[in-house]
Every structure is written in C-alpha cells, then in structure tokens.
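Read through the structure below, which is laid out as structure tokens, and then see the notes.
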Amino acid sequence: MKTIQMTAKTPDIHALLARRKPQYSLEAPFYTNPGIFELDMELIFGKHWIYVGPEPSVPEAGDYITVEIGRTSVLIVRDDDMQVRAFHNVCRHRGSRLCQEQKGVVGNLVCPYHQWTYNLQGALMFAEHMGEQFDVSQHKLKPVHLRNIGGLLFICLADNPPSDIDDMARAMEPYIAPHRMADCKIAKQIDIIEDCNWKLTMENNRECYHCRANHPELTISLYEYGFGYAPNPENCEGLEQYQQTVKRRHAEWEALGLPSNELEHLDDRITGFRTERLPLDRAGQSQTMNAEVACKKLLGDFDEAALGGLSFWTQPNSWHHFMSDHIVTFTVLPISAEKTMVRTTWLVHKDAVEGRDYNLDNLTAVWVATNAQDRALVEQSQQGIRSDAYEPGPYSPFTEMLVEKFCNWYVNRLSALVE
Amino acid sequence: MKTIQMTAKTPDIHALLARRKPQYSLEAPFYTNPGIFELDMELIFGKHWIYVGPEPSVPEAGDYITVEIGRTSVLIVRDDDMQVRAFHNVCRHRGSRLCQEQKGVVGNLVCPYHQWTYNLQGALMFAEHMGEQFDVSQHKLKPVHLRNIGGLLFICLADNPPSDIDDMARAMEPYIAPHRMADCKIAKQIDIIEDCNWKLTMENNRECYHCRANHPELTISLYEYGFGYAPNPENCEGLEQYQQTVKRRHAEWEALGLPSNELEHLDDRITGFRTERLPLDRAGQSQTMNAEVACKKLLGDFDEAALGGLSFWTQPNSWHHFMSDHIVTFTVLPISAEKTMVRTTWLVHKDAVEGRDYNLDNLTAVWVATNAQDRALVEQSQQGIRSDAYEPGPYSPFTEMLVEKFCNWYVNRLSALVE
Amino acid sequence: MKTIQMTAKTPDIHALLARRKPQYSLEAPFYTNPGIFELDMELIFGKHWIYVGPEPSVPEAGDYITVEIGRTSVLIVRDDDMQVRAFHNVCRHRGSRLCQEQKGVVGNLVCPYHQWTYNLQGALMFAEHMGEQFDVSQHKLKPVHLRNIGGLLFICLADNPPSDIDDMARAMEPYIAPHRMADCKIAKQIDIIEDCNWKLTMENNRECYHCRANHPELTISLYEYGFGYAPNPENCEGLEQYQQTVKRRHAEWEALGLPSNELEHLDDRITGFRTERLPLDRAGQSQTMNAEVACKKLLGDFDEAALGGLSFWTQPNSWHHFMSDHIVTFTVLPISAEKTMVRTTWLVHKDAVEGRDYNLDNLTAVWVATNAQDRALVEQSQQGIRSDAYEPGPYSPFTEMLVEKFCNWYVNRLSALVE
Ligand code: FES
Ligand code: FES
Ligand code: FES
Ligand SMILES: [Fe+3]
Ligand SMILES: [Fe+3]
Ligand SMILES: [Fe+3]
C-alpha cells in the first residue's frame, strides 16, 4: 500500500473559521486545501444561489446550455412553453451525461447511451427493454431550482434554497429592468481559466486598489475614486469633486426613472449583494477604450447614452455592468482548489447588427485586456499564498472594505453550515 | 502544513458493499474514489487471474513483453526452452525497471543501472563489486504465476492464485483449440486510453443495449437479438427466428467438432467467465464491414468460413472473439480511478501474408470504430457519475443481465477479500 | 462527498524509520509517498542548509534570483551595500509573489498587485491607502538565513539554522578560495526535470557504480577507480596504481597551496559534507571531452592547468566540481514526491570571452550528456520502485558506501526531527 497518502496534519475547519482575524486576508488553507475546496463546493456552491448566465443564452424553445458547478453539470433549457428550467445533466438510467455540449438545441433530451428519452419538463417519455415493472414516473430528471432576476439566471442546488432571493429580486428588478435583458442577444462569450482559488478571483473583483497600476484600459472610463481612496492633502479636492458628481448624476438618473442609489447587503444576508449606478469618466457612456458607446443601437427605450454604469455584485460568484448600449456579465465557476473558470458575456440589443451598429473587438477590448491583467494578478497571489511564509495581511480600511465584506460573508456562511 | 489534505468524510467500504442494491448500477465512489481504486488494484487485480495478452506476443526464445498492472510492471518472456515465464520487472539491487520497452528481444536480462544480469529463468548470474558475502541465490527475479489457456496468457500477482483457473482451462480449451492461437501471429495491436473507471469499460462490454444506436459497423455482423431484447409484439417473430438460428448453427458446429453451447459462470466462481459460439449476420463469417472473412488464409484446419464467432469473456478484465479467419482479443488495464487502458490485438494465421491474404485496414475497421464509439460512451458515463446528482439506476432485466453479473462478481469478490 | 479520498492504510513514519536496514536501499514510501514528501520538505529542506546557487548569480547591486524550495519561493538579492540577502518572495499585504522571474534587476521591490514597496534590506517603504494606524515596521519582508561559503550560497528556512555550518565554512574555504568564485561569471545554466523523488537523484550522484556502462563522456576524464571498485585479480594492479597517483598528486597540489586531502563528514554531522581534490585521467585538466581545459583563461592565479578536480558534496542537495579553468555546480530542488529539478551552472573567469577563450558547447558537453543519462537512470529506478514487488536491495560495500552515508544522514535527520 505504498502510495497511499499520509495525512500528517489535518486542518481543523472549526478552528480556522473561529480564529479568522477581521480586516485581514484569510489563512492559506482556505486558498489551497483540497478538503476545504470540497466544503466550499458542498456548502457555498451547493447551498446558495449561483449565477449561471444571462437569459438570452437560451432565447428559443429547445435551446439549452450546460454549466459545470464543480463536478456537477446543470442543464438549463427553455421548454416548449417558453419557460426556462434547470435539471441535473445526468441520466437516471446508468448516469451518463445527457447533453455533452456547452450549448445546443434539442427537441427532447435523448441520452446518448441507451436512448432513454426525456421531454423538456424532465419527464421520462421512453425507455426500451425495461420490462413491465418499470415505472417511468420514478425516473424523471432531477430538477434544480432556478430564478430569473431581470434576465440574470440563478440556480440553487440545495433542496431548500435560501428564501431571501425574493428580497434581492424585489430590490434589484427596478434597477435592471430598464436595460431589458430579455431583448438582448449574446454578442460574445469568453471563458478563461485562472490558476487560483475562486475566492482570490472574487476578492480581486471586490477592490480597485490594484486598478490604477494594472488596468490602463479599464481606468479610461472608471473613476479612480470609485472604490475608496484614503484622503490626503493631494487628493482631497478630487475626492470631494467625485462625490459631488455622483450625487448630481444620481439625481438626474433617478429623475429619468433609473434607480441609482447604492444598496449594500454584501455580508448581512444569506443572498448577499450590492448595487449602485456610477458615473463613468470622460465621455461617460460605456466601459470602452474611449468611454463612448460600443453599440449605436441603445438598450431598452434609452435615448440618452451617458447613463454611467449600473453595477451589480452577488455573493458568492458574480458581477455585472449594465450600460446604455451593452451589458457585461461575469460568472466565476470553481474547478479545483487552485483552478477557476471565469466566463464573461457581452450582450447588446437583439436588433443590433454586427459591423453596422457595433464592432466585436471594440465591444470586448476593455474587459478582454482587464481579465488578462486580473488573471496574472490572482495567479501571482496564489503562488505567494502557497508559500509557508505567507500569513494573512491587513486590508486597507479605504480601498478593501468590500473584500473584507466578501470574507465576512464567506466565513459566516461556512461557519453556519459546517457540521 | 497548509496543503495537506483534509479528508472530511471517508467512505466506509463495508457499508458501501453491504448496501449494494441488486439490479442497480453501483454507487459513485466505486467509479471515482482513489481509495477504492487502490482496493481494486490490491484485491481485484492483485488476487485474481488477469488476462495480459496472446501467446504470439512472444513467439521466439528471448522475446519479451511488459504489461503494467497499475504501478506494477510484469515482464513476460519466452525462455531458451521455449517456456513462457512471468517475472516482476524490478531489479533486486536498487529496484530499477529492468526492461523499458513494451516489447523486445533479449539474451539475458541486464539491468540498465549497474548491470546485474539475470537469465531468462530469473536467476541472478552476475553482479559486480558486491563482495564475497553476497549470495546471488537470494536475489533472483520475483516470479509471477502464469497460465496459458489455449494461447491466452493469464497472470496472477497473488502468492496463492485462485485454483479454479483449472476448471476454466478444462472447460475452455476445447472451445479455443480449433482456432490454434499458437499458429497465429499478431497483425496489429492498438492501445487506447479511456477517461473512466475500469469498471465502466467492463460494464459497457457486458451489454449490447447501446449497440444499435452507437455501433453501425459492429452491428453489420452482430445480431441485434444476441444480447437480449425485451419481447414485444413487433419483435417477437424476429426473436423466435434468432433463437432457431442459434439452435441450428450450434448443432452444425458441434457436428464439426466445434463446441458452441453457452457456458456461463460469470458470478458463481472466483475465476468468472462465459463463452458461447454465436452466429453472425449477413455473410456470417467474420466481424468485418461486410461480415465476410478479412483473411483468406483461414485459421487451424478450417475449410469452412461461416463459423460465426466464438466469444469468451473473463472477470475482471477481458473479452475475445475467435472467428474462422482471425481472432480479436481485448485486455483492460486500469491506470487510475478515472483512467483505463484498453489494448486490442488482432491475430491471423502466421502464414498469412499482408497485402495478399489480408489487408490491415479491413481487418481492424470494425473494432477501431467500435472502440472509439465505446470510449465516448464510457467517458460520458464517467462525467455523469461524478455529479453529486448521480444515483444508481435500474438495469434492464433483458439487456443488462450480464452487467448485473459483472457487478455481482465484483461486489462478492471485494466483500470476500476486504479486511 | 464521493470523491474524498479513502486513506486505507497510512504508513507509520516512526516504524519506517526504525526498521531501516543498514546497507540496503530505503523502503518504497520514502520515494513515492506524498505525506513523506511533505515531511522531507518540512524537516529536511525546511531545517537544513540548502545550496541555492553561486554568488555570481547576483553580481551587481539590485540583481536578484528567485529559487523555489517546494512551494516556498526565496528571493536572493544583492543590496546597495553589495551585501547578498535572502527574503521570502511573498508580499506582506495579501501575499502576492513579489518577483515573478527567475532572475532580474530591481531598484526597490515593488509588489505588482497594489505596489507596496520594499527596499533591498526588506523594509516596507511605502504602502498607499493603509490609513494612519498602519505600522510599516510590522510589515517588513520576512528574512531567510543566508551563508556564502567561498562563493556558494546556502540558505536555511528555519528560525534557528544548524550552527555547524561554521565548521563546514572553516574547513571548506581554504579548498575553494583558490578558484575565486567571486571573480567568475555564469557561462550557462540549465534546468532539467527528473520524474523521480529527489533522494534518487542524490543517491545516483553518490556512486559511480553506474558510470562505466552509462557515462562514456564523463569517464573520459574520470578515473574508474575513483569511487571504489571491489578488488579482484584483474584490477588489483590498476587500483594500486590509482592510489599511488592520488597520493603523488595530493603532495604536489598541497605544495602549490591547494588543500587536496579528503574530508568526509557525510553522516556524522547535521550539515553533512565531503570534499577531495582528485586527479583526472588523460590530459588531467578538466571534465571535458578531451580532458583538456575548456577555457583558456584560467581561474584565480592559476598558471598550471592540470589541477585535477576539487569535488565538494553537501547534504541534502548539492555537488560541485572546481577545476583550473571552470566550475560546475549542481543544486537539486524537489518539486513533488516524484518530480525533481536539477539546476546545473557552469562558471568561467569573468574576463574570459566566449568564442575566444571558451566555447559553450565544449564547456557544457560532458555534463549535458551525463545529466541526460542520469535522468534516464533515476526515472527507471522510480518506475521500478513504484511496483508493489520492489523491496530494498543491498548496497555494494565498495562502490555504494556514499549512498549508504546519504541514507544514514537522511534517516538520522528525519528521526531526530519528526514528532
Ligand atoms: S445511461 Fe442514459 S440511457 Fe442508459
Ligand atoms: S538497480 Fe539494477 S543493477 Fe543496480
Ligand atoms: S499583495 Fe502586495 S501590495 Fe497587495
Ligand atoms: Fe482588476
Ligand atoms: Fe460497445
Ligand atoms: Fe551518473
């Protein structure tokens, strides 16, 4: 039995959670340990609402996508009554994956192995050679809970999903509705793999301390002051000016029927989230290389382009930017303790014509560059954290408050759920 | 010690074995858990007779092959007295692998590291610089048990191999003998790697429920009814006709001295096996794209080509098809919990001449295609079974009886041997 | 929780250490088990002096190299006062790796993530947005102990490094000094990855039993008798002659101020080492394809080329050959239980000019070839040792005495330090 692993010392998850030091980054095992990764998948990704993609991923009846939550494959399909449904992508016979592709179109769901055939409501319609005792009603596809919030699809793998998704839906729908996600189409979707724990990807998203030095493209349209600068003699005038701009814009946008004020519930609820409509710099229209719209055909009923950016962040795995001309939406899907997938989707009005109304390179330039920069940063973090010399370091009380809230939420949720 | 693994919950192998539900597929850990894989290697592959290849792999004195059973490399060599022997492929000095290649020819076995030299009976003949106290007789190569059944080589890594190999040999030799394996040569050997547990490879081999939809090439010569269809008004005539054909053919072949009746001992003995000579469809001669012989030079003394196919299945890891013109033989060698090697070997009469008597593409076409199709199916199964949503599903009482027998054998053997 | 590992049997490290049989190779788990690898990294590489490279790796102020000791990255940098220092390559903020490259030049050490800026003494000079409570003095880079012995850089990750490094330094400096490492430059550095445990790499280095059959290039200049041959009627004359040669040369070299006698402390101290200046065969000048110098510009004050080779071996991870014209130095850096990096560095006088004084291919030919041969040998060993059939084999009392001493040192040190 020579290659069997010797597990010299097992980290005690309760002790690790109990001794977490507020305002400091987490201890290394949270980012590196395969056992804690299993807990993350079981308790965080298995028991919370997970953003999986925008509704225009499945525009027509029979359209499906598959999404991998760790080892679990979820099938999202629009049925013949135009309802979007989610199922476990596992045949009830001998367990074959039903749909192999990331997206496709089907009439029924036919298992490739022995052709058990399910309809788009998940009922088993046909199974050959099973004999007369066999009861098809006992072999339906296993459903997965699904919520559509303003065109953003969230699933929950738990039997009893957190009910406070209702509060989030009620709060967020007025913010998102004017951008009319349902009338959008996917212009582009890109997956990247980051060699880091999923929490480093999320923490990186929750601060812009790193933006000025690392994101030349993103900071064309993003105000430096947006994520909290420590006040000092040199910047206090700029900070004050920025706050005035936000105030003025919020008033204008609210008058146009666009809710803009910050809602911040990142660590005080199970289904944590935050939103705010923020002004953009320069042309002020969109997250592009010149801060002007990337798509001439505006979303919804908009006739004004300079609507800033409505941002929406959810725990544990997503963020979204809604502008007047396009939407960018991100989902973070863990692969292993040290590997994570980030899927970025760009959406424009479904009537916009590529080449005429928008150009793909222009539409995607900022976030393609920004994602590549962030990937390098989080991978360098992962490498450093693997060292025995790493110890938790202090968060900035100005620019890393939302990272702290992410960690709070994570530690609270894990503490509440771990046995 | 931050990367040391936290083993939150260890599956209890006794509980898993005890609660196995008859007529249902196994629980997921049997297909995914590295610890159960270790048990499989120690108790199933370490204590049973394992098919490793056909005798014509080592036609001449000095010919050797190496076969990897998990981490253990076995050397099979024909000695100067023409006896086929098996040894552990490990030098008794500092443990270097002796023979690096999958096949080759040697005079003696010389370790590449410090040239300790063994003869083909495994005796250490020469070891430099070891001093006068050193006793060569204490450093022979470690032998491995080997049995040759009609030209099929089986090895057993246990000190005390199951003795019921004798019954299998006695029963099977009359079936195989007429095909004269010892007078064959290897025309082609192909290894493929499947990203699945070895038991999925075996279970897939034990049913043809999946054949009609997935194997257009194999079902040219294979009768659909051969693996058990549920009777229904549409197929009852065909089924009846098929059973008549089998009966008639068996009588003809038995009269020619070819034992043809089914012997079925898949789950009632330690060395489980099954055999039957089955008619082939259309030309009825061989598993080819037109069901005609692929090699004009027939095996043994045959002058009749339409002898159907003698199939032979063994637990835990092989199957074989003997036809009038060629033999196809398969060995399944596990690599890890989710990776498996399948080695396919095609044999023809040793006097057959490529290009004149047979054409390699024609000889191998059906099983090259079928193996690729089966690989896709078992890999899709593995992916589905990894999902937390997988649960064992029911086997067809008609077409999956032999899958059930494979699982019975496996569960029984593991239950008997696990501490 | 289906993929969580079942750790059926855990090797008991105390039992394994206690039952180690002298004069025999180690049991397999020492070469294959990931848990024992963790112990090796924690107790052997974490608590002993580890050779990391020659001083000319960082010739100028601001020059740095990074060295990976398992998961731990160490930064070695020459500060503005020309002192060589070592730090953990981990930012004290959120743990990012500071320097990404294997070598480079810096003014200050600026973290790529949020630009915390450290000087070359490791002090934190600048950290934006951290507020007034923040104390830079509490966030210095973590120092790593560093010793420079005749131009060879050793680091120790422990808080209290073994103090007997002083004895080794005192003993070795007179041997090494005449070769003037500090006046050398790196001509070439090559990393190779070996698929084996680091101890197999080291054991292979500690014997030349394998040299005659495997190293045609190295044995041009290396005397066969150098590592201990069993005396027998055929070789006793050659052996005697070799011992005379060694004696005569030692006398000549000592007279030239070159200490040459063997010092052997491989297993009787914590910081184990051995040295000896040995004659070379044929031209007797250097480890090259014709045993003549590879570089016309000799090292130090040498005007004599035929100075043999001063060899220096340290536990646990290095060996070095100093000749009149060049130095070759080797560091062994474990990656995982079955993967190891070997870094070879060739140095010549810093005033030597490539193309005029030396030719790179000629300089590196012997060890490039020898490393490739050794890689094949140790990888074959690793494969054999993974087999369940491997058991420890006997060492030659003549040619493998130093392998025995390596194993003694290793077993003693692990026994002393394991809890
Ligand atoms: S596994 Fe789906 S039909 Fe058999
Ligand atoms: S390991 Fe085979 S001779 Fe040394
Ligand atoms: S991690 Fe280095 S500055 Fe933030
Ligand atoms: Fe960023
Ligand atoms: Fe098949
Ligand atoms: Fe060597």
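Observations on the model:
- Qualifying residue in the range C:401-410 (condition: acidic (D, E) and at pLDDT below 95): no
- When C:L141 is tested against (1) open to solvent by less than 10 Å² (accessible area, probe 1.4 Å); (2) of a type in the set (A, V, I, L, M); (3) more than 13 Å from ligand 3 (Cβ to nearest atom), only condition (3) is not met.
- For the range B:391-407, filtering for residues that are open to solvent by 20 Å² or more (accessible area, probe 1.4 Å) and assigned to a loop (DSSP other than H, G, I, E, B) leaves 4.
- For the criterion of being among the acidic types (D, E) and surrounded by fewer than 22 Cβ atoms within 10 Å (Cβ to Cβ), C:D325 fails.
- Unmet criterion (only one of (1) within 16 Å of ligand 5 (Cβ to nearest atom); (2) more than 21 Å from B:E379 (Cα to Cα)) for A:E60: (1)
- Residue identified as over 30 Å from A:H93 (Cβ atoms) and within 16 Å of ligand 2 (Cβ to nearest atom) among B:R94, B:R78, B:R85, B:R71: B:R94
- Qualifying residue in the range C:377-390 (condition: among the small types (G, A, S), more than 24 Å from C:Q285 (Cα to Cα), surrounded by fewer than 19 Cβ atoms within 10 Å (Cβ to Cβ) and more than 16 Å from ligand 6 (Cβ to nearest atom)): no
- Selection count, the range C:77-114, where residues are of a type outside the set (V, I, T), assigned to a strand (DSSP E or B) and away from chain A (no Cβ under 14 Å): 4
- Meets criteria (more than 13 Å from ligand 1 (Cβ to nearest atom) and β-branched (V, I, T)) for B:V418: yes
- Any hit, the range C:149-162, residues being farther than 22 Å from C:G272 by Cβ, open to solvent by less than 10 Å² (accessible area, probe 1.4 Å) and outside the structural domain of C:H326 (by TED's automatic domain parsing): no
- Residue selected from the range B:408-419 under the condition part of a helix (DSSP H, G or I) and open to solvent by 50 Å² or more (accessible area, probe 1.4 Å), by the criterion nearest to B:G228 (Cα to Cα): B:N412
- Taking the criterion of being of a type in the set (G, A, S) and surrounded by 22 or more Cβ atoms within 10 Å (Cβ to Cβ), the residues of the range B:74-116 that qualify are B:A86, B:G95, B:S96.
The rows are residues; the columns are (1) assigned to a loop (DSSP other than H, G, I, E, B); (2) polar (S, T, N, Q); (3) within 23 Å of A:T340 (Cα to Cα).
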{"position": "A:E27", "(1), (2), (3)": "yes, no, yes"}
{"position": "A:E38", "(1), (2), (3)": "no, no, yes"}
{"position": "A:L43", "(1), (2), (3)": "no, no, yes"}
{"position": "A:G46", "(1), (2), (3)": "yes, no, yes"}
{"position": "A:V52", "(1), (2), (3)": "no, no, yes"}
{"position": "A:P59", "(1), (2), (3)": "yes, no, no"}
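- If only residues of the range C:205-241 that are polar (S, T, N, Q) and open to solvent by 20 Å² or more (accessible area, probe 1.4 Å) are counted, the one that is farthest from ligand 5 (Cβ to nearest atom) is C:Q241.
- Selected residue (criterion: farthest from A:R386 (Cα to Cα)) from residues of the range C:61-104 that are touching a Lys or Arg at 6+ places or on another chain (Cβ under 7 Å) and either free of Cβ contacts under 8 Å to residues at least 40 places away in the same chain or not assigned by TED's automatic domain parsing to the domain that holds C:H139 (or both): C:I65
- Number of residues in the range B:174-216 that are within 23 Å of B:Q243 (Cα to Cα) and away from ligand 1 (no atom under 16 Å from the Cβ) equals 2.
- Pairs linking a residue in the range A:229-241 that is of a type in the set (F, W, Y) to a residue that is open to solvent by 60 Å² or more (accessible area, probe 1.4 Å) and in a loop (DSSP other than H, G, I, E, B), with Cβ atoms under 7 Å and 6 or more positions apart or on different chains, are A:Y229/A:F398.
- Some residue of the range C:342-364 being over 22 Å from the mean Cα position of the chain (by Cα), of a type in the set (A, V, I, L, M) and open to solvent by less than 20 Å² (accessible area, probe 1.4 Å): yes
- Across the range C:127-142, not a single residue is classified as in contact (Cβ under 8 Å) with a residue 24 or more places away in the chain, away from ligand 5 (no atom under 16 Å from the Cβ) and outside any loop (DSSP other than H, G, I, E, B).
- Answer from C:P231, C:P143 - the residue that is in contact with a Phe, Trp or Tyr (Cβ under 9 Å, 6 or more places away or on another chain), within 30 Å of A:P394 (Cβ to Cβ) and either within 16 Å of ligand 2 (Cβ to nearest atom) or within 13 Å of another protein chain (Cβ to nearest Cβ) (or both): C:P143
The values are calculated or read from the model by the stated rules, or taken from the named source; none is laboratory data. Because the structure is a prediction, the values reported are computed rather than measured. Using ideal geometry, Cβ is built from the backbone for each residue, glycine included, and neighbour counts are taken over all protein chains shown. Please note that ligands, DNA and RNA were not included when accessible areas were found on the heavy atoms of the full protein model with its side chains. Shrake-Rupley method; radii C 1.70, N 1.55, O 1.52, S 1.80 Å.
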